[in-house]
Protein chains: 2
Amino acid sequence: MDLTETFVGRQDIFDGRIVKLHVDTVTLPDGNTALREIIDHPGGVGILAIDDEDRVFMVQQYRYAFAQAMWEIPAGKREAGEEPLVTAKRELQEEVGVTAERWLPMGELIPSPGCYAERLYLFMARGLTMGDTHPDDDEFLTVSRVPFTELSQACLSGEIQDAKTVVAVLKAKAMLGR
Amino acid sequence: MDLTETFVGRQDIFDGRIVKLHVDTVTLPDGNTALREIIDHPGGVGILAIDDEDRVFMVQQYRYAFAQAMWEIPAGKREAGEEPLVTAKRELQEEVGVTAERWLPMGELIPSPGCYAERLYLFMARGLTMGDTHPDDDEFLTVSRVPFTELSQACLSGEIQDAKTVVAVLKAKAMLGR
C-alpha cells in the first residue's frame, strides 16, 4: 500500500527563535484531505563522551517544558548548513570543555516523528582532553562524570528519560558489550 | 547551583488538534530574562508487543514531517486524563488488532526535552491474541511482525531511527539478555 501523503497547502503560524510551526493540508492515500501540524526544528547532535576511566560526561540543565532539571548527554542545535560533526565538536567543547581525538558516528535519531521535525545525530567521543567550558549566555549547566555502568543502569531503570541519552547509552552498551 | 527558571508571562500562539504552542518569558538563575518556546502535546504510549515466537509487531505509517514511511512500534496519544495503560491497550488493539495477557511497564520517555513537552509511557505486551484492527479514520498503516533479533540489529545499525522504538527494543534487549 502506498502510504504517501501529498502536500496541498500551507498555513504558516509561528516563526520563532528555535522552532517554526505550520499547518499543512495533505491528501491521504484514500483521496481525502487532512491537516498536519508540523513543528520545524533545526535538529542537532548528542554526544556520548567516555573518558579513559569509562566515565561519561553528563550535563544537568533546567528543562522548563518539564519544570525540572534533567541530566543528559551534551547536545546542541545545528547552525544552518552545518555538518553534524562540526556541531558535535563545538557543543562538547562549549558545554563540558572537552575535546576528543576520536569521533564515532552512532546513527541518527528521530525523537518524535508525528509532528516534531527534529533529527538528531549521535556521536561517541573518545580520547578526551579537558579544557574550559563556554556555555551560551542563557545556558546554565552543571557538569558531572558518571561511570558508564551506573549510567546504563539509570537508563534501563527509567531514572533517565531523555531519549537521546537513553539511545546513545544503550547503543554503546550493546556495541561495547558492557 | 539552582538551575530553576521561573515563569514571568505567557503569549499563547496556537491551539491545534494535537499540539499547542506558547512562548513564555522566564527568569534565569542569574536574574536575566529569556524566552522559552514550548509546544504542548498530550503525550502517549509506545508498545513493544512480542509474540510467543519472539516476533515484534511493527507498524509502518507515513510520517509527513519527514516525507517518508517509517516502521515503528505501535503507539498513540493519550486522551485527557487517561491512564497510560488504558491508552496502550486501546492503541495495540486499534493499530495491530492484538490483545495481551501481560503488560509490563518499561518506563517513561521524554523524546525532546528542550521545547517539546511530550512524555511517552513504554510498555511490553506479552501473551498476545490476534483480532481485528480499527485504525483511526485518517490513519493508514501497514502491520508486520519482525523477529526480535532482526529488529534489535536494525535499531543498533541506525536503520530504525524512531526514538520510542529504539529505546523500547534496546531496553528489552538488555532486560531479556538477548
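Worth a mention:
Residue-wise test of (1) at the interface with another protein chain (Cβ under 9 Å from one of its Cβ atoms); (2) surrounded by fewer than 23 Cβ atoms within 10 Å (Cβ to Cβ); (3) in contact with a Leu (Cβ under 6 Å, 6 or more places away or on another chain).
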position: B:Leu120; (1), (2), (3): yes, no, yes
position: B:Met124; (1), (2), (3): no, yes, yes
position: B:Gly131; (1), (2), (3): no, yes, no
position: B:Val143; (1), (2), (3): no, yes, no
position: B:Leu156; (1), (2), (3): yes, yes, no
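- The set of residues from region B:66-88 being farther than 30 Å from A:Asp2 by Cβ and in a helix (DSSP H, G or I) comprises B:Pro84, B:Leu85, B:Val86.
- Count of region B:131-153 residues which are part of a strand (DSSP E or B) and out of contact with any strand residue (DSSP E or B) (no Cβ under 6 Å at 6 or more places or on another chain): 0
- The residue pairs whose first member lies in region A:160-178 and is facing another protein chain (nearest Cβ under 9 Å), whose second member is at pLDDT below 95 and in a helix (DSSP H, G or I), and whose beta carbons are closer than 7 Å, counting only pairs six or more residues apart or on different chains, are A:Leu170/B:Ala174; A:Lys173/B:Ala174.
- Qualifying residue in region A:114-124 (condition: assigned to a strand (DSSP E or B) and acidic (Asp, Glu)): no
- Residue list for region A:69-105, restricted to those being buried (at least 21 other Cβ atoms within 10 Å of the Cβ), among the charged types (D, E, K, R) and more than 13 Å from the chain's Cα centre (by Cα): A:Glu95
The values are calculated or read from the model by the stated rules, or taken from the named source; none is laboratory data. Note that the structure is a prediction, hence the values are computed from the model and not measured. Every residue, glycine as well, gets a Cβ built from its backbone with ideal geometry; the counts of neighbours run over all protein chains shown.
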